[in-house]
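Notes follow the structure.
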Amino acid sequence: MRLLELTPAEIAFLTAHPAEPEALQARLTRKLAATLGARLRLPVQVAALAPADAAAGGAPATPDWQPDAALAGLWLTRRLGGRRVEAAPFVPRSLLRTLDAMLAECWLDAAAPTLPPALAWRIAADPMPATLAVQLPSHTTDMTRWAREVIRHG
C-alpha cells in the first residue's frame, strides 16, 4: 500500500514547536482559587504576588507553606461552620494537607522545567483578605518525589 504525500498544512503541524507550557504560578493560582472556594464555600479571588526573598538557610527539602493568620482563621472558621472570622494563632494541619495535595496534583499534571524559589498570592475572600506563600525545593526531582509521596499517602 502506497502512502499519500503530506499536505503543506500537515507538514507545518508536524514541524511546529509545541506550545509553551503554562507557567507554574498561573496554573497554581487558578487551582488555588478553585480549591479554596470549594473548601471554604465562599467566592475567592486569588492574585499572584511577587514572593518575598527566599529564606537565608537555602531551599527547603519539601514545599514550605506560609499562610498568614487571616487565612488560617478564615479556614478554621469556615471549616467548623462559624461565621465570625478572626485571625488564628496557629495554622491548621488540614489547611496544609489541602495545600500540599493541590500543589502535588498541579505539579504532577505538568511539571515545570525549573522551579522558582518561592511563590506568593493575595487571597480576596469576604470578610477578610489574606496572603499565602510557599517556598519550593531547588530541584525538580525533589519536587516530583515529594509530590508522588503526597499523592500516594493522601
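As a summary of the residue check, L96 satisfies the conditions (1) in contact with a helix residue (DSSP H, G or I) (Cβ under 8 Å, 6 or more places away or on another chain); (2) within 22 Å of A52 (Cβ to Cβ); (3) open to solvent by 30 Å² or more (accessible area, probe 1.4 Å) except for the one numbered (1).
Matching residues to (1) closer than 22 Å to A38 by Cβ; (2) touching a strand residue (DSSP E or B) at 6+ places or on another chain (Cβ under 9 Å):
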site: G73; (1), (2): yes, yes
site: V85; (1), (2): yes, yes
site: S94; (1), (2): yes, no
site: A110; (1), (2): yes, no
site: L115; (1), (2): no, no
site: M128; (1), (2): yes, no
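The residue that is modelled with the lowest pLDDT, among those in region 4-20 that are of a type outside the set (S, T, N, Q) and open to solvent by less than 100 Å² (accessible area, probe 1.4 Å), is A19.
Step by step: first the residues of region 140-154, then only those that are open to solvent by 50 Å² or more (accessible area, probe 1.4 Å) and in contact with a helix residue (DSSP H, G or I) (Cβ under 9 Å, 6 or more places away or on another chain), then the one that is nearest to L115 (Cα to Cα). Which residue is that?
Among them, the one singled out is R148.
Quickly run through region 77-107 and pick out the residues that are in contact with a Gly (Cβ under 8 Å, 6 or more places away or on another chain) and either among the charged types (D, E, K, R) or not in a loop (DSSP other than H, G, I, E, B) (or both). Break it down into steps so the answer makes sense when it comes.
The first filter runs over region 77-107 and keeps only residues in contact with a Gly (Cβ under 8 Å, 6 or more places away or on another chain), leaving 85-88, 97, 100-101, 104.
E86, R97, D100, A101, A104 - these are the residues of region 77-107 that are in contact with a Gly (Cβ under 8 Å, 6 or more places away or on another chain) and either among the charged types (D, E, K, R) or not in a loop (DSSP other than H, G, I, E, B) (or both).
The values are calculated or read from the model by the stated rules, or taken from the named source; none is laboratory data. Because the structure is predicted, anything quoted here is derived from the model rather than measured. So basically every Cβ, Gly included, is an ideal-geometry build from the backbone, and we count neighbours across all protein chains shown. With ligands, DNA and RNA removed, areas are computed over all heavy atoms of the protein, side chains included. Shrake-Rupley method; radii C 1.70, N 1.55, O 1.52, S 1.80 Å.
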